[in-house]
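Notes follow once the structure below has been shown.
What follows is calculated from the coordinates using simple rules that are stated; it is not laboratory data. Keep in mind that what you see is a predicted model, and the values were worked out from it rather than measured. In this analysis, Cβ positions are derived from the backbone assuming ideal geometry, glycine residues included, and neighbour counts consider all displayed protein chains.
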Amino acid sequence: MTTSYVIRGSRPLGGPNVDIVVSDGLIAAIGPSVDVPTDAREVSAHDLVALPGLVDLHTHLREPGREDAETVLSGSQAAAAGGYTAVCAMANTNPVADTAGTVEQVWRLGQQAGLVDVQPVGAVTMGLAGTQLAELGAMADSAARVRMFSDDGKCVHDAVLMRRALEYVKAFDGVIAQHAQEPRLTEDAQMNESALSGILGLRGWPAVAEEAIIARDVLLADHVGSRLHVCHVSTAGSVEIIRWAKSRGIDVTAEVTPHHLLLTEELVRSYDPIYKVNPPLRSERDVHALREALADGTIDVVATDHAPHPAEDKDCEWAEAAMGMVGLETAVGVVAEAMISTGLMDWAGVAERMSMQPAVIGRLAGQGRALAVGEPANITLINTSVPYLVEPRALRSASRNTPYAGRSLPVSVWTTFYKGELTLDEGVLVNQARNAASAG
Amino acid sequence: MVGVSAARTPDETRTVLDSDDIARALTRVAHEIVERTKGADDIVLLGIPTRGVYLANRIAERIHQIEGREIPVGSLDITLYRDDLRRAPARALLPTSIPASGIDDKVVVLVDDVLYSGRTIRAALDAMSDIGRPRMVQLAVLVDRGHRELPIRPDYVGKNIPTAKTEKVLVHLEEFDGDDAVRLSGQSQEES
Amino acid sequence: MNRHLLSAADLDRDDALLVLDTAAELAALTDRAVKKLPTLRGRTVVNLFYEDSTRTRISFEAAAKRLSADVINFSAKGSSVSKGESLKDTALTLEAMGADAVVIRHPASGAPDRLAHSGWIGGSVVNAGDGTHEHPTQALLDAFTMRQHLAGGKGDLAGRKVTIVGDVLHSRVARSNVLLLSTLGAEVTLVAPPTLLPVGIETWPCEFSFDLDSQLSRADAVMMLRVQRERMNAAFFPSSREYSRRYGLDVRRMNALPEHAIVMHPGPMNRGMEIAADVADSDRSVIVEQVTNGVNVRMAVLYLLLAGAQLGEPEGSDRMAEVTAP
């Protein structure tokens, strides 16, 4: 028998205070005064902002293969702590998630953890080698029901292969999510190509290497009539291309990471590899363009690109260090700082960009739904009066590579409901690994 | 001994040698050097920068007037040989210039303005031992203020001025400071 | 001076002149009988060389030994191909051995910065060349050499025109020299094909030109940088022949220099590529002197970093760069 809850006084999408009744995994009632079941547990949520459970289209859970950095379980815990109820797990594991077997394995691990919907992403090419299509259909038909395919970590740079992939997935309403990085222009690249890279003696990653691929891909998607998703957009030029493509009616969607909304390449001066990421941190001008694009919808979603790495892969010289930052637990705080505190977006906009749109793009049923009667109770409660002081050692992720150590973010994720059950309760993870069979 | 008789108030600066005193003292020292080295045949004067060098030059000039001969004069910076380097940030080096005739088998007279703990002279002896082997090393100072911490003694002294450790001895030389004077400043206390 | 020497930008004009003047004094001392000074007795200097460089390592070793420091040499081939012990673990070992200074040469730009700011070691860090970033002691010995010939061995290099030619993009020597020379008041011009100049070169404190011949008649010093033939394979220039024809210092170009102008090269040279053999061996060339001056300059650096009390660090190397509200 699952518990019923009444959530008192929260403000859905930042609007007026209401009470919400959660029962049997659904929202049973929502309004200023509601009928509360007698056994309902009280959840005090006065003035907390309520959002539909957050959905991350771009997460690296590292399992199978790099369990020293993260597992599906620890990643799920980090996600729940960050207010997420669904994550899409990228395919660059070891072995690569390019077969039905591997994606089903990841899917089952997610079910066992039982804290968020873990939706595996399938690789576009076998072994991410970029030469031969993976069995996209088999992955789509598998229990994991893959709909998003990506070689993320690497670019599908061969134009013919990208064309074929875009065409092929039309058969099952799939989408290719491109990591846009022309490989020859970015060989051994370490940071954004700019005056700063020239001074620091670090090989540059020019913006054009991202923009040229996006330009090609939107034209290809238009030509074959397929939909395209662009991962982690990082430059002002990329924004312009996507804006143009959308104005032409091309079916392209785009994501931006929280760190690209807040941090710039200036941080690389310290040579501290905590700031090493792909695509790299860019200029102030790029950050401003990305914020505006997220506000006006040119960029559809925020996706964390949560990339855990063990300490020894960051505790070294820059050239040796791995690229990536963890992001699930700080995403809301960073977006609040970059977009809410600056007045560029409101909480309704955050709900769109971090829950509803991601669910649409990822074709995730039951996620990103409105906070309304009859909908699945995936609810995130955010405390806008209590800041979040980021401490690497307190992260739930198995890795600690966050660029925000010691920084205070303006809001805290307080409580998360996943399918009507608490996964995060006033900042404390609820420890229950549920089996899919026993869930309601 | 000490000429000035006015009672001192704390923190006052008083002059203990004026420019005439200094000139007379250096003349006497020059005569003493000539006498004790039996004609100053093979001596080399090495001044310790900065003011020791000017004093060495003045003494050399006087010996030149007495004996009619040019005396080799040089400078010997002791910064790299100090025993208290770690107590302050690294100091700039001052010039070391040894006369072409060298110091081997010569009588080297080290010249400094003030002799105090003796550590500077100890460092100068170490510096010299890396440069060559003098036959004899002597020491000429303008002022000996006492409070030796090492077994070092001067051969030629312009003036003995007993001081308290809290006092400062300020030497001015025309070439560097624009005037000639030796002054004492700071509180006087019971002398040790 | 600060606790570390990581970049030529760490030195303001006073610091730079202090190093050069100290080096001059030390040169005079070691010219005479004094081969060994006691100043750094009891201090340990570690040469941590991750790249083969016999010349620079020996230079630092000689400098440390002349000051009576104990020297430990650690040569490692650290690369992504053969990952031996991590830089962190090596550093912790050196700290346990009591290194007062670590002289580090490393193929990764920023490795000395990591060593200095990570908290792994407590001593001073001297950058002996990191990737394509900087080589501050090279710039110091270059400035010392220029000062000897162009400024009577004293003061700064105000108004002197220095032309640096070659693969600036990949040259840590070029970066350090541009910074230090402009601190000392010199006018620097970089000459290279456009492919070998870094992005953002217009923001550097120097001029640049694609035409070597146009710079010769005004140059007081010409510094040739090593150009690797392999760059041709990455399409930085079409062929060695074209490169040396357009950017090589041959005898004809050398003769177009003013009478007093000197020719420099940080070494090792590609004779026939960026510099003709006859030019390298001519009497305008001060290349051999640069090597000698290197020992004295490195002695000065070690003395100034290690002999005195430890100083605090410069501020602001790690500030959080934020984007403000639009």
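The angle separating the long axis of helix C:87-96 from the principal Cα axis of greatest extent in chain C is about 50 degrees. Computed from Cα positions, the angle between helix C:54-66 and the longest principal axis of chain C comes to roughly 50 degrees.
The 3J(HN,Hα) values that the Karplus relation (6.51, -1.76, 1.60; θ = phi - 60°) gives for segment A:82-88 are, in residue order, x, x, 8, 10, 8, 9, 9 Hz. Gly and Pro appear as x.
Residues whose amide H falls under 5 Å from that of C:Val102, counting only those 5 or more places apart or on a different chain, are C:Val46, C:Ser124, C:Val125, C:Val126, with hydrogens built in the peptide plane. Computed over neighbours whose Cβ is under 12 Å from that of A:Leu409, the net charge equals -2, Lys and Arg +1, Asp and Glu -1.
Taking the DSSP bridge list for segment A:110-264 and keeping only pairs wholly inside it, about 10 percent are antiparallel. Who wins for biggest fluctuation among B:Lys159, B:Lys38, B:Lys168 in a Gaussian network model of chain B, springs between alpha carbons below 10 Å? Maximum fluctuation in the GNM of chain B, among the listed residues, is at B:Lys38. Taking one quarter of the surface of the convex hull spanned by the alpha-carbon atoms of the protein assembly as shown gives a direction-averaged projected area of 50.3 nm². Ordering C:Ala307, C:Ile164, C:Leu29 by the projection of their Cα atoms onto the charge dipole of the protein assembly as shown, which places +1 on the Cβ of Lys and Arg and -1 on the Cβ of Asp and Glu, puts C:Leu29 at the extreme positive end. Arranged from fewest to most other beta-carbon atoms within 10 Å of their beta carbon, B:Val182, A:Val332 become B:Val182, A:Val332. Neighbour counts of C-beta atoms inside 10 Å place A:Ser197, C:Ser217 in the sequence C:Ser217, A:Ser197, starting with the fewest. By other beta-carbon atoms within 10 Å, ranking C:Glu25, B:Glu174 with the fewest at the front produces B:Glu174, C:Glu25. Relative to the dominant Cα principal axis of chain B, helix B:119-131 is inclined by about 10°. With a cut-off of 10 Å between beta carbons, the residues surrounding C:Leu184 carry a summed charge of +2, where Lys and Arg count +1 and Asp and Glu -1. Dipole magnitude for the protein assembly as shown: about 1540 debye, using +1 per Lys or Arg Cβ and -1 per Asp or Glu Cβ, origin at the Cα centre.
The amide H of C:Ala108, built 1.01 Å from its N in the peptide plane, has C:Gly131 as neighbours under 5 Å, considering only residues 5 or more places off or on other chains. DSSP beta bridges confined to chain A are antiparallel in about 50 percent of cases. Taking each DSSP H run with n ≥ 4 as -39500 (n - 2.57) and averaging over every residue of the protein assembly as shown yields -8500 deg cm²/dmol at 222 nm.
Computed from point charges on the beta carbon alone (+1 for Lys and Arg, -1 for Asp and Glu), the dipole magnitude for chain C about its Cα centre is near 820 Debye.
Springs between Cα atoms under 10 Å define the GNM used for chain B, and in it the highest mean-square fluctuation of B:Ala30, B:Ala127, B:Ala90 occurs at B:Ala90. Along segment C:152-166 the Karplus relation, 6.51 cos²θ - 1.76 cosθ + 1.60 evaluated at θ = phi - 60°, assigns HN-Hα couplings of x, x, 9, x, 9, 10, 3, x, 7, 9, 10, 10, 10, 10, x Hz to successive residues, with x for each Gly and Pro.
Over chain A, the hull volume per residue, using the convex hull of the C-alpha atoms, is 124 Å³.
May I ask you to derive the relative contact order of segment C:136-289, considering only C-alpha pairs under 8 Å and at least 6 residues apart, and to give it as an integer percent? Averaging sequence separation for qualifying contacts and normalising by length gives 22 percent for segment C:136-289.
Backbone phi angles across segment C:299-308, fed through the Karplus curve with coefficients 6.51, -1.76 and 1.60 (θ = phi - 60°), yield HN-Hα couplings of 4, 4, 5, 5, 4, 5, 7, 10, 6, x Hz in residue order; Gly and Pro are listed as x. Between A:Asn94, A:Asn278, A:Asn401, the GNM of chain A built on Cα springs shorter than 10 angstrom shows A:Asn94 fluctuating the most. For the protein assembly as shown, the share of DSSP beta bridges that are antiparallel, to the nearest 5, is 30%. Farthest toward the positive end of the dipole of the protein assembly as shown, out of A:Gly362, A:Val116, B:Val53, is the Cα of B:Val53, where the dipole comes from beta carbon charges about the Cα centre.
Here the dipole of segment A:42-171 is about 380 debye; that uses its Cα centre as origin and unit charges on the Cβ of Lys and Arg (positive) and Asp and Glu (negative).
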